[in-house]
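Structure first, commentary second.
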Amino acid sequence: MIVLLGVLVVVIGFATKRNPLLVVGVAGIATGLLGGLSPGKVLAAFGDGFAGSRAVTIFAITLPVIGLLERYGLQEQARRLIARFAGLTTGRFLALYLGLRQIGAAVGLTNVFGHAQTVRPLAVPMAEGAAERKFGQLPDRTREKVRSFSASADNVGLFFGEDVFLAVGSILLITGFVNTTYGTHLEPLQLALWAIPTAVCAFVVHGWRLLRLDRQLERELLTAHVHNTAAVEAAQ
């Protein structure tokens, strides 16, 4: 039971708002030492874990490339592109992005889109550009709201789309656990097919929320404009 003190380290670290990487690292070292591993074996376990999941460090290559593209005007070009499509509002654009993200995840292309490589440099500027074309300069609060909806479109699309793909880790984990534990013969295709109705419902529900965003922005910005006009008149 003493090895569970590593969990306590994680709880205390997160409760005191310490650096997550440092907290998890200390918890892992503490758990290994309390479990009877030598410092060398603990270090070897960290190395094996890193080597087995080194794909997560792809951001170390992605972020500098995105930063370089942004320095040379990637976001400005995205705003200019969205300005050419007069009928594409913020909500409609994000609903379209949601569909593309979900379809891409459903065929296994989970890394084609994403927050670092697509949402921040492309989706957010285009969504903001669509709103600015209609309403003019956006207040900071409205801008943050557009950004949060942009991130949600990526999250929902990925979460509910990837389970439709046969070889995704969650599908293989479920089938392996169920078949081993209960002695059944559950195929990944069966789970993937049952994930389709859920993915469709998620697209309909969140797509409807994204389309409603246009009305929310119009109402908020109209109210803000009225308040500003009243304040100016009162000052005069």
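The values are calculated or read from the model by the stated rules, or taken from the named source; none is laboratory data. All figures in this text were calculated on a predicted structure; none of them were measured in a lab. With ideal geometry, Cβ positions are generated from the backbone for all residues, glycine too; neighbour counts draw on all protein chains shown. These area figures cover heavy atoms from the full protein model, side chains too; ligands, DNA and RNA do not enter into them. Shrake-Rupley method; radii C 1.70, N 1.55, O 1.52, S 1.80 Å.
Some points to look at:
- Of the residues making up the stretch 148-177, those that are within 14 Å of Gln216 (Cβ to Cβ) and out of contact with any Leu (no Cβ under 6 Å at 6 or more places or on another chain) are Ser148, Ser152.
- Of all the residues in the stretch 68-120, those that are hydroxyl-bearing (Ser, Thr, Tyr), open to solvent by 50 Å² or more (accessible area, probe 1.4 Å) and touching a Leu at 6+ places or on another chain (Cβ under 9 Å) number 0.
- Hits in the stretch 139-168 - residues which are open to solvent by 50 Å² or more (accessible area, probe 1.4 Å) and among the small types (Gly, Ala, Ser): Ser148, Ala167
- Exactly one residue among Arg92, Arg133, Arg101 is among the charged types (D, E, K, R) and modelled with pLDDT under 90, and that residue is Arg133.
- For the stretch 29-49, a tally of residues being in a loop (DSSP other than H, G, I, E, B) and open to solvent by less than 70 Å² (accessible area, probe 1.4 Å) returns 3.
- Residue within the stretch 176-198 that is under 16 Å from Leu166 (Cα atoms) and either touching a residue at least 40 places away in the same chain (Cβ under 8 Å) or not assigned by the TED database to the domain that holds Gly91 (or both) present: no
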